[in-house]
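Here the structure is laid out as structure tokens; the discussion comes afterwards.
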Ligand SMILES: Nc1nc2c(c(=O)[nH]1)N[C@H]1C(S)=C(S)[C@@H](COP(=O)(O)O)O[C@H]1N2
Ligand SMILES: [Mo]
């Protein structure tokens, strides 16, 4: 495979991008149809979309998902190109530069892979990846992802609500929080052992957040299995929270009674709280969170776009935080 260096991160050849462009064209068509402008052909197109699913970049194994019916799960914003989604990443186990994960994560071994469910559940279990892939119907979700650093993307994920898995393992009454433990393998992850963070990278949610239908257990993007740098073979995606809440390459999910420690909170308590909901009104101690730059769209000198409360998912998730002081619970 040939790569072109561009804007500091790895871009693949234009020929590999074409199917993604086709995908974006189909979405534009669907948007047009939604306005009623081409009503007569609506039925035909809807049928075709259901069959065709997501056009593939043709790099990895296909993983199709039916368009999600969950409220708020499909934004019609322009998709971030595949080359940017998979070339500009945070995955510190593979290095701290945005281009490091794409360059280094080929060493990650994603099969065999198991996810251990333990703690306050009636049915603890070690799931093999193949079991997890069949646990619930795959859906396509198009989410905004907002990194705490001030950039964002729009990504077509494939997966299903985490609640599907939670229901299967039957949490006990003591399960108040969910802790996600990700892989920390010094043999395949060159920066595990570096002192930027404590390893393994851990994250957590309150039980009601974990049960929210938008909380996605993801296995793919752009109609294919996740590339390693995106957190293969399974990761969380929480669209209303800063990106770091969405742990990559998960190996264990623990149901616990007390609020679990989280990687970034342990590293800098006053900068990264447990909740970490996207909030343009609460600045990071060292920078504003009021605006963001859309990767692949907004150039370095473009005017930044405003960041939305809960990253634009307030209608869906606002109720989870009713009565909470979001300045204190940052
Ligand atoms: N295991 C692990 N998960 C992680 C990270 C990480 O360094 N290690 N980085 C987080 C951060 S800061 C962000 S913004 C998102 C980035 O996801 P993306 O690279 O798929 O856009 O992953 C999150 N999940
Ligand atoms: Mo991030």
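For the residues 184, 232, the requirement of being touching a strand residue (DSSP E or B) at 6+ places or on another chain (Cβ under 6 Å) and either within 18 Å of residue 100 (Cβ to Cβ) or at pLDDT below 95 (or both) singles out 184. Looking only at region 240-257, residues that are under 21 Å from residue 133 (Cα atoms) and within 16 Å of ligand 2 (Cβ to nearest atom) come to 4 in all. Condition first: within 12 Å of ligand 1 (Cβ to nearest atom), in contact (Cβ under 8 Å) with a residue 12 or more places away in the chain and crowded, with 16+ Cβ neighbours inside 10 Å. Can you find one or more residues in region 263-271 that meet it? Yes, that holds for at least one residue.
When each of 73, 102, 62 is tested for being surrounded by 17 or more Cβ atoms within 10 Å (Cβ to Cβ), more than 21 Å from residue 256 (Cβ to Cβ) and away from ligand 1 (no atom under 16 Å from the Cβ), the lone residue that passes is 73.
Here residue 185 clears all of (1) over 30 Å from residue 55 (Cα atoms); (2) touching a helix residue (DSSP H, G or I) at 6+ places or on another chain (Cβ under 7 Å); (3) within 16 Å of ligand 1 (Cβ to nearest atom) except the condition numbered (2). From the list 214, 205, the one residue that fits, being part of a loop (DSSP other than H, G, I, E, B), in contact with a strand residue (DSSP E or B) (Cβ under 9 Å, 6 or more places away or on another chain) and more than 13 Å from ligand 1 (Cβ to nearest atom), is 214. Checking region 232-255 against the condition returns no match, with no residue being part of a loop (DSSP other than H, G, I, E, B), without any contact (Cβ under 8 Å) to a residue 24 or more places away in the chain, on the phi < 0 side of the Ramachandran plot and within 16 Å of ligand 1 (Cβ to nearest atom).
Applying the set (1) in a loop (DSSP other than H, G, I, E, B); (2) away from ligand 1 (no atom under 16 Å from the Cβ); (3) over 30 Å from residue 112 (Cα atoms); (4) modelled with pLDDT of 95 or more to residue 315 leaves exactly one unmet item: (1).
Scanning region 77-101 for residues that are in contact with a strand residue (DSSP E or B) (Cβ under 8 Å, 6 or more places away or on another chain), away from ligand 2 (no atom under 16 Å from the Cβ) and assigned to a loop (DSSP other than H, G, I, E, B) yields 77, 78, 79. Restricting the search to strands (runs of 3 or more DSSP E) fully inside region 127-190 and requiring at least 3 residues that are in contact (Cβ under 8 Å) with a residue 40 or more places away in the chain and within 16 Å of ligand 2 (Cβ to nearest atom) gives 139-146, 151-161.
The set of residues in region 217-229 being out of contact with any strand residue (DSSP E or B) (no Cβ under 7 Å at 6 or more places or on another chain) and not in a loop (DSSP other than H, G, I, E, B) consists of 228, 229.
The values are calculated or read from the model by the stated rules, or taken from the named source; none is laboratory data. Not measured: the values here are computed from a predicted model. FYI the Cβ positions are ideal-geometry reconstructions off the backbone, even for glycines, and counts take in every protein chain you see.
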